[in-house]
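The structure appears right after this line, and notes come after that.
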Amino acid sequence: MNAPPQNQHLTERGKVILEQEALAIHSMTERLDERFSAAVKLLASCPGKIIISGMGKSGIIAQKIAATMSSTGSTALFLHPADAAHGDLGIVNHDDIVLCLSKSGTTEELNFIIPALRQIGAKIIAMTGNQRSFLALNADITLDTGIEKEACPYDLAPTTSTTAMLAMGDALAMVLMEQKNFTQRDFALTHPKGSLGRRLTVQVSDIMAKGDAIPLVAEKASVTDLILEMTSKRYGVSGIVNSEGALCGIFTDGDLRRLVQSGREFLSLSAGSVMTAEPKTVTPCTMAKECLDILETWRITQLLVCDASQRPVGMVHIHDLMALGL
């Protein structure tokens with residue numbers, strides 16, 4: 001079914017605007033030069049904070065860039081330039097870097113604090129489309145985010161210009177992250193509530209069952225005792241330990257079914273004679289994601305957790321891991 005002509009026109013207008021903003025970003029890539037690498041190196045070596053400032057829509061983009069940098073290994077925060085002129089400049093120290101965003105480079109509130117930033121001794125990186133502006137000329141490094149025209153039909157509302165600043169901020173943050181060797185593990189530490197955080201920060205010791213909840217019998221125990229231990233715990237499995245308390249085997253409900261199907265008399269047999277030796281295990285320090293990978297690879301539902309002496313200290317079930325959202 002064809003869309004009504006009016007709807008088609010609206011869709012086409014949307015495409016034009018997206019293409020216009022995409023072209024603006026592409027144009028920036030052609031102008032990107034050594035000033036970008038200089039900015040990244042300056043930010044990477046910053047002994048203090050990265051402070052990002054801008055007014056209006058540029059200020060909103062500044063907040064987003066600060067949030068991205070903070071979550072990817074850099075101490076960054078947003079400073080409103082108007083508030084800065086009324087006392088909030090107190091957060092700026094001489095070893096900080098201030099990233100200033102302004103399309104025109106003539107934003108009054110921002111330019112008003114530039115001399116003070118200079119006196120404090122902070123380095124200044126400008127992000128502006130006007131390379132001859134007061135801001136650009138007074139910055140240590142100026143990144144060109146100039147555009148030909150806003151996506152706004154009247155060339156007024158900040159649209160393409162803020163998209164350009166956002167893209168440049170993302171480029172800075174991502175290259176800076178790589179420069180600092182910020183890893184997935186580091187990312188997880190700043191995102192502990194997210195699924196990646198749970199995968200990379202939660203250890204087996206955080207979720208395993210302990211003490212009497214671990215199904216265990218001695219190697220010399222009877223299969224009858226073994227079955228009782230399995231059924232009294234929720235795992236459908238029991239570990240078998242030797243005289244020194246070290247794990248020497250495992251017995252599962254699948255093993256029990258096979259014994260029943262064999263027709264043998266087995267209740268008086270010892271646990272050691274029916275166990276599977278050298279079962280898969282993990283340590284308390286194993287990461288939750290790694291534990292889940294082992295369970296999925298071997299198509300099993302639980303693992304015994306053993307210490308350095310191979311003594312069982314816990315039990316982890318796939319349901320425990322799935323409950324984490326892994």
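The values are calculated or read from the model by the stated rules, or taken from the named source; none is laboratory data. Not measured: the values here are computed from a predicted model. Methodologically, a virtual Cβ is constructed for each residue, glycine included, from the backbone with ideal geometry; neighbour enumeration extends over all protein chains shown.
Details
- If the condition is being in a helix (DSSP H, G or I), of a type in the set (Gly, Ala, Ser) and closer than 16 Å to residue 239 by Cβ, then the range 258-297 contributes 271, 272, 273.
- Scan the range 303-322 for residues that are assigned to a strand (DSSP E or B) and not aliphatic (A, V, I, L, M) and the total you get is 4.
- For the range 206-236, the set of residues classified as within 44 Å of the chain's Cα centre (by Cα) and assigned to a loop (DSSP other than H, G, I, E, B) consists of 208, 210, 214, 215, 233, 234, 235, 236, listed by residue number.
- Within the range 45-60, tally of residues that are in a helix (DSSP H, G or I) and either under 21 Å from the mean Cα position of the chain (by Cα) or at positive phi (or both): 1
- The range 249-282, subset crowded, with 19+ Cβ neighbours inside 10 Å, of a type in the set (A, V, I, L, M, F, W, C) and under 45 Å from the mean Cα position of the chain (by Cα), residue farthest from residue 305 (Cα to Cα): 256
- Of all residues in the range 52-60, at least one satisfies being of a type in the set (Ser, Thr, Tyr) and closer than 22 Å to residue 118 by Cβ.
- Residue check for residue 300: assigned to a loop (DSSP other than H, G, I, E, B) and either outside the structural domain of residue 246 (by TED's automatic domain parsing) or at negative phi (or both): yes
- Qualifying residues in the range 69-96 (those that are assigned to a helix (DSSP H, G or I) and among the small types (Gly, Ala, Ser)) - the one surrounded by the most Cβ atoms within 10 Å (Cβ to Cβ): 84
- Verdict on residue 255 being without any contact (Cβ under 8 Å) to a residue 40 or more places away in the chain and under 27 Å from residue 202 (Cα atoms): no
- Count of residues meeting criterion [closer than 30 Å to residue 181 by Cβ and in contact with a Leu (Cβ under 6 Å, 6 or more places away or on another chain)] in the range 98-121: 2
- Among residues of the range 272-300 that are in contact (Cβ under 8 Å) with a residue 40 or more places away in the chain, those with a Cβ under 7 angstrom from a residue that is among the small types (Gly, Ala, Ser) and in a helix (DSSP H, G or I), sequence gap 6+ or separate chain, pair up as 284/205; 285/205.
- Against the conditions (1) under 32 Å from the mean Cα position of the chain (by Cα); (2) free of Cβ contacts under 8 Å to residues at least 12 places away in the same chain, residue 87 satisfies every one except (1).
- Any hit, the range 34-44, residues being on the phi < 0 side of the Ramachandran plot and exposed (fewer than 11 other Cβ atoms within 10 Å of the Cβ): yes
- Scanning the range 1-44 for residues that are more than 27 Å from residue 75 (Cα to Cα), of a type in the set (A, V, I, L, M) and part of a loop (DSSP other than H, G, I, E, B) yields 1, 3.
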